Amino acid sequence: MRARDLAEEYPLVQLTDEALTAARLIAEQRRPGVVVVDADGKPVTVLPGSQVLRFIIPGYVQEDPSLARVYDERSGAETCVRKLEGRTVKELLPPKEKRYELPKVSGDATVIECAAVMARLRSPLLLVSDDDTVHGVVTTSHLLEVILSATGKAT
Amino acid sequence: MSATQILSVLVFAGAYVLIATERVHRVAAALGGAALMLALRLTDGETAFHSLDAGVDWNVVFLLLGMMIIVGVIKQTGLFEYLAIAAAKRARGKPFAVLAMFVVITAGASAALDNVTTVLLIAPVTFLVCDRLGLNPIPFLIAEVLASNIGGTATLIGDPPNIIIASRGGLSFNDFLVHLAPFIVVLMVAFVVVCRWLFRDAFHYDEDRVAEVMALSEREAIRDRRLLWQSLGVLALVLAGFVLHGVVDVEPSVVALLGAGLLVLISEVTTEEALADVEWETLVFFMGLFVMVGALVKTGVIDTVSAALAGAVGGDPLLAVMALLAGSAVLSAVVDNIPYVATMSPIVAELVAAQGNTPQSDSLWWSLALGADLGGNATAVGASANVVVLGLAARNGTPISFWQFTRYGIVVAGLSILLAAPYLWLRYFVLA
């Protein structure tokens, strides 16, 4: 099986889209992240859900586990949503020099090749494209399903 | 001056310039200087490692190590977060009341823990409370670090320079409580009043935001109640040990090490976790400094400088005390007060001995402590805690510039020294 056979259609967001839109896509469709494209529709990077969390949870709370416990659920959630309001997808991404390398393979990449790229970049998503043609995206869950099926270990 | 004296002064001055200008890491500068002193035979292994007067002061090193371990465990309990949130709720979110409570908590904690640890503990909860109240956290952070340096002056363990002074001057924990703590309490009252004026533009009260602070649950901050009680119990024993160390004839360093060992033994904290917060770099920095200063003692430089200073003050103890207070404050504002006190301690010890160990001459130690500890507030680089808070603020997107800090710090440091001078004069010269 090749990457192009594994690729699924996947929602894309633009750099200028609202941050809340990206968060909603991840939340409502239970996605591990979204692919970010520029104005020409060219993939730029992957925005994993964990990066959205890094943006909405203040650094001092991430570093102090005791502080994370003192929020009540409702006002904690309101604080998080407030941080996304009026922001763009571009603002959610880390600075350019720290931005994740785009996890990408060509259509004829093997299953293990796909797994190796995702493992190296710790990405839950893998873009499959040849030149300007985007075939779709491979997710970790789909890839693991294929690997387990190949050995008859899938339930 | 002899050739060995000139050589030791050159090595010491070179290392000091490197430490002050931060051209190389301060540990590298101190260790490099110590190595050169040994290589040039300006001191030797026996003196460097075993001499009480001219070697590494192991009491200082192990007292710091023991307290770092204890503090590392207490940090994990969430006690500080609990206290700060409870205080903010008790203040009902009123900005000045919150600031006053935070600075009092910080100063109190700094008297028992070291200043850097205290500001590392109070800063995150300050960001949280200010965020909830819609306030700029910068005035709060600056006030806290200033309070931390003031509070740390009160006790033997509150600030590393005090540990050096205690060891070199043969002063006990109780000596610091009797001679410095009462003044620090008065200074803290004055500081809180000054904060009302100094940060007057920062206290915007938004009634709608108060509910967000009142909704925080401080009890949830305590993650491990058993560990909390174990830590508080051991800390109480250690503080009791410090107070009674003269009676039971045990050095403060031994008390701290026993406390650290007991806490690791009775709690479920692993050895790795207990040692994670030990600042090994600081301990090694101290060792390097002690070897360098020891070489100055061994070659007779300290004797020469002490004699010159004694001649300069003309046997007038009051002039000596005031000059030391002012000089220490000015120098500590621009250079790290740890190497400064490490260098000055043997000089002050000789001056005290030369004046016959009277109450007036002993006040030189308090003058050195007040000048060095409180002078550190004057600039953003005057004390380690100041530098740490500037780093924390920048990382959280609210950078504090050097001058932004300094324009508040210099007022507080100036006020502190202006109050310390009449305190020393009244207590040791008028009422003695």
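Say whether the condition of being touching a Pro at 6+ places or on another chain (Cβ under 8 Å) and either more than 20 Å from residue B:396 (Cα to Cα) or small (Gly, Ala, Ser) (or both) is met by at least one residue in segment B:101-117.
If we filter segment B:101-117 for residues that are touching a Pro at 6+ places or on another chain (Cβ under 8 Å), which is where we start, we get B:114.
Right, trim to either more than 20 Å from residue B:396 (Cα to Cα) or small (Gly, Ala, Ser) (or both) and you get B:114.
The answer is yes; a qualifying residue exists.
Mind counting the residues in segment B:102-133 that are away from chain A (no Cβ under 14 Å) and not β-branched (Val, Ile, Thr)? Even if it seems obvious, please write down each step before you answer.
Within segment B:102-133, the first condition is being away from chain A (no Cβ under 14 Å), and the residues that meet it are B:102-116, B:118.
With not β-branched (Val, Ile, Thr) added as a condition, the list becomes B:102, B:107-115.
Of the residues in that region, 10 qualify.
Which one of A:95, A:11 is at pLDDT below 85, within 14 Å of chain B (Cβ to nearest Cβ) and over 30 Å from residue B:218 (Cβ atoms)? Step through it out loud before you land on a result.
Numbers: A:11 fails: within 14 Å of chain B (Cβ to nearest Cβ).
Unique residue meeting the criteria: A:95.
Taking segment A:24-67, which residues are among the β-branched types (Val, Ile, Thr) and more than 14 Å from chain B (Cβ to nearest Cβ)? I'd like the intermediate steps shown before the answer.
Taking segment A:24-67 first, the residues among the β-branched types (Val, Ile, Thr) are A:26, A:34-37, A:44-46, A:52, A:56-57, A:61.
The answer is A:26, A:34, A:35, A:36, A:37, A:44, A:45, A:46, A:52.
Determine whether residue A:44 is at pLDDT below 90 and under 16 Å from the mean Cα position of the chain (by Cα). Reasoning before the result, please.
On the way: at pLDDT below 90: yes; under 16 Å from the mean Cα position of the chain (by Cα): yes.
Yes.
Among B:332, B:384, B:363, which is among the hydroxyl-bearing types (Ser, Thr, Tyr) and at pLDDT 90 or above? Spell out the reasoning first.
Working: B:332 fails: at pLDDT 90 or above; B:384 fails: at pLDDT 90 or above.
From the options B:332, B:384, B:363, the qualifying one is B:363.
Out of all the residues in segment B:211-232, which are at the interface with chain A (Cβ under 7 Å from one of its Cβ atoms) and in a helix (DSSP H, G or I)?
Result: B:212, B:218, B:220, B:221.
Those residues that are under 19 Å from residue B:90 (Cβ atoms) and either crowded, with 19+ Cβ neighbours inside 10 Å or among the acidic types (Asp, Glu) (or both), I need them from segment B:189-209; list them, please.
B:195, B:206, B:207
Have a look at B:66, B:78 and point out the one that is of a type in the set (Gly, Ala, Ser) and away from every other protein chain (no Cβ under 14 Å).
Values: B:78 fails: away from every other protein chain (no Cβ under 14 Å).
So the residue among B:66, B:78 that is of a type in the set (Gly, Ala, Ser) and away from every other protein chain (no Cβ under 14 Å) is B:66.
Among the listed residues B:345, B:367, B:306, B:328, identify the single one that is part of a helix (DSSP H, G or I), more than 24 Å from the chain's Cα centre (by Cα) and touching a residue at least 40 places away in the same chain (Cβ under 8 Å). Don't jump to the end; show me each part of the working.
Values: B:345 fails: more than 24 Å from the chain's Cα centre (by Cα); B:367 fails: more than 24 Å from the chain's Cα centre (by Cα); B:328 fails: more than 24 Å from the chain's Cα centre (by Cα).
Only one candidate passes the filter, namely B:306.
Return yes or no: is residue B:244 over 29 Å from residue A:61 (Cβ atoms), away from chain A (no Cβ under 14 Å) and in contact (Cβ under 8 Å) with a residue 24 or more places away in the chain?
On the way: over 29 Å from residue A:61 (Cβ atoms): yes; away from chain A (no Cβ under 14 Å): yes; in contact (Cβ under 8 Å) with a residue 24 or more places away in the chain: no.
When the stated conditions are applied, residue B:244 does not pass them.
Step by step: first the residues of segment B:309-325, then only those that are outside any helix (DSSP H, G or I) and of a type in the set (Gly, Ala, Ser), then the one that is nearest to residue B:357 (Cα to Cα). Which residue is that? Don't jump to the end; show me each part of the working.
Narrowing segment B:309-325 to residues outside any helix (DSSP H, G or I): B:314-316.
Narrowing further to those that are of a type in the set (Gly, Ala, Ser): B:314-315.
Numbers: B:314: 17, B:315: 13 Å.
The extreme case among them is B:315.
Results for (1) over 24 Å from residue B:131 (Cα atoms); (2) in contact (Cβ under 8 Å) with a residue 60 or more places away in the chain; (3) loosely packed, with under 12 Cβ neighbours inside 10 Å, shown as yes or no for each residue.
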{"position": "A:39", "(1), (2), (3)": "yes, no, yes"}
{"position": "A:51", "(1), (2), (3)": "no, no, no"}
{"position": "A:59", "(1), (2), (3)": "no, no, no"}
{"position": "A:63", "(1), (2), (3)": "no, no, no"}
{"position": "A:67", "(1), (2), (3)": "no, no, no"}
{"position": "A:73", "(1), (2), (3)": "no, no, yes"}
{"position": "A:79", "(1), (2), (3)": "no, no, no"}
{"position": "A:109", "(1), (2), (3)": "yes, yes, no"}
{"position": "A:144", "(1), (2), (3)": "yes, no, no"}
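Return the residue satisfying two criteria in turn: it lies in segment B:134-166 and is more than 14 Å from chain A (Cβ to nearest Cβ) and among the small types (Gly, Ala, Ser), and of such residues it is farthest from residue B:392 (Cα to Cα).
Applying the filter and picking the extreme gives B:166.
All but one of (1) modelled with pLDDT of 90 or more; (2) closer than 24 Å to residue B:211 by Cα; (3) of a type outside the set (Gly, Ala, Ser) hold for residue A:126; state the number of the condition that does not hold.
All conditions are met except number (2).
Filter segment B:122-154 down to the residues that are buried (at least 24 other Cβ atoms within 10 Å of the Cβ) and part of a loop (DSSP other than H, G, I, E, B), then identify the one that is farthest from the chain's Cα centre (by Cα).
B:154
If you scan segment B:83-101, which residues turn out to be surrounded by fewer than 20 Cβ atoms within 10 Å (Cβ to Cβ) and within 14 Å of chain A (Cβ to nearest Cβ)?
Matches in segment B:83-101: B:86, B:87, B:89.
Taking residue A:97 as the residue in question, decide whether it is without any contact (Cβ under 8 Å) to a residue 24 or more places away in the chain, closer than 23 Å to residue A:53 by Cα and among the acidic types (Asp, Glu).
Working: without any contact (Cβ under 8 Å) to a residue 24 or more places away in the chain: yes; closer than 23 Å to residue A:53 by Cα: yes; among the acidic types (Asp, Glu): yes.
So residue A:97 fits the description; yes.
Residues are listed down the side, and each one gets a yes or a no for (1) touching a strand residue (DSSP E or B) at 6+ places or on another chain (Cβ under 7 Å); (2) under 28 Å from residue B:300 (Cβ atoms); (3) in contact (Cβ under 8 Å) with a residue 60 or more places away in the chain; (4) surrounded by fewer than 21 Cβ atoms within 10 Å (Cβ to Cβ):
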| residue | (1), (2), (3), (4) |
| --- | --- |
| B:41 | no, yes, no, yes |
| B:48 | no, yes, yes, no |
| B:67 | no, no, yes, no |
| B:73 | no, no, yes, no |
| B:79 | no, no, yes, yes |
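Grab the helices (runs of 4 or more DSSP H) fully contained in segment A:21-113, keeping just those with 3 or more residues being under 30 Å from residue A:146 (Cβ atoms). If you could, list the steps in order and put the result at the bottom.
On the way: elements: A:49-56, A:59-63, A:65-68, A:73-84, A:89-92.
Correct list: A:49-56.
Among the residues of segment B:50-60 satisfying the criterion of being surrounded by fewer than 19 Cβ atoms within 10 Å (Cβ to Cβ) and touching a residue at least 40 places away in the same chain (Cβ under 8 Å), which is nearest to the other protein chains (Cβ to nearest Cβ)?
Taking the candidates together, the pick is B:58.
Those residues that are assigned to a helix (DSSP H, G or I) and more than 23 Å from the chain's Cα centre (by Cα), I need them from segment B:237-273; list them, please. Working first, answer last.
Here is the first cut: in segment B:237-273, the residues assigned to a helix (DSSP H, G or I) are B:237-248, B:252-266, B:271-273.
Scanning segment B:237-273 gives B:247, B:248, B:261, B:262, B:263, B:264, B:265, B:266, B:271, B:272, B:273.
The values are calculated or read from the model by the stated rules, or taken from the named source; none is laboratory data. Quantities reported herein were computed from a predicted structural model and do not represent experimental measurements. Cβ sites come from the backbone with ideal geometry, for glycine too, and all protein chains shown count toward neighbours.
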